[in-house]
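Inspection log for the structure reproduced underneath, given as structure tokens.
The values are calculated or read from the model by the stated rules, or taken from the named source; none is laboratory data. In this text, all values refer to a predicted model and were calculated from it rather than measured experimentally. Neighbour counts run over all protein chains shown; Cβ positions are idealised from the backbone, glycine included. Accessible surface areas use protein heavy atoms only, side chains included; no ligands, DNA or RNA. Shrake-Rupley method; radii C 1.70, N 1.55, O 1.52, S 1.80 Å.
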Amino acid sequence: MKKKTTEKTRINLLPTKDKNRIAKNRKRMVIFSIIIAYIIIIFLLDLASVLSNNSKRTYISELNQRLNVLKTKNILNETFESAIDNRKNLLKIIKNKILVIDSLKNLKVAWNRKISEIVDASPSGVWMSGLTLQKGVIVINGNSVSLSGISTYIDNLKKTGLFTKINLEGANRKIIGGNIFYSFSLKAVLNIQNLNFKSKK
């Protein structure tokens with residue numbers, strides 16, 4: 001005997017419009033889901049990028065702080081080293097000056113004798129009115145009743161050997177109480193080798 005096979009038949013009772021509407025709704029849901037998923041992915045990517053950037057900024061900020069600390073330390077070290085070098089140089093200068101002073105303390109010049117020689121060199125009718133010493137140059141101010149007296153005085157000063165060079169800076173004619181005389185100024189360079197330094201006792 002042959003067995004009878006039963007076949008199931010589905011019958012769609014929905015109208016065609018409803019079918020199309022359901023199909024469209026499904027497509028919309030799929031598209032909407034894709035869009036939502038895309039938005040979420042983009043949001044997550046942006047969030048990850050923001051977090052990464054913040055982390056990098058924090059790291060860079062820390063590096064900058066460390067760099068500033070190192071720069072400050074270097075500046076302080078350079079300042080200290082410069083101060084130490086300046087102190088060493090200052091000490092050297094002071095020591096050298098002390099040595100010079102100590103060496104000069106052992107020497108003296110009998111200036112009273114030298115001035116006496118300058119005064120004694122003046123001929124009759126010539127007299128000194130002032131004398132200044134600065135950096136090895138003596139300025140002699142004086143008066144003379146004649147120009148020839150000034151010339152004689154210069155010659156006499158040269159003979160003392162106290163000076164290497166004597167210049168007449170100026171001579172002015174003056175009349176006081178009917179008397180004529182000349183005020184003059186001499187510049188004389190000291191002869192250091194002929195000052196006769198003597199040791200202190």
Matching residues in the stretch 19-36 - criterion: being open to solvent by 100 Å² or more (accessible area, probe 1.4 Å) and of a type outside the set (A, V, I, L, M): Arg21, Lys24, Arg26, Lys27, Arg28, Phe32
Given Ser199, Ser116, Ser148, Ser185, which one is at pLDDT 90 or above, surrounded by fewer than 13 Cβ atoms within 10 Å (Cβ to Cβ), hydroxyl-bearing (Ser, Thr, Tyr) and on the phi < 0 side of the Ramachandran plot? Ser148
Qualifying residues in the stretch 120-140 (those that are under 45 Å from the mean Cα position of the chain (by Cα) and modelled with pLDDT of 90 or more) - the one least open to solvent (accessible area, probe 1.4 Å): Ile140
(1) at pLDDT below 75; (2) part of a helix (DSSP H, G or I): which one isn't true of Tyr59, the others all being true? (1)
Residue pairs within 8 Å by beta carbon, gap of at least six or interchain, first lying in the stretch 148-174 and closer than 13 Å to Leu190 by Cβ, second of a type in the set (Gly, Ala, Ser) and buried (at least 18 other Cβ atoms within 10 Å of the Cβ), listed first then second, are Leu157/Ala121; Leu157/Ala188; Thr160/Ala121; Leu162/Ala188; Phe163/Ala188; Lys165/Ala188; Ile166/Ala188
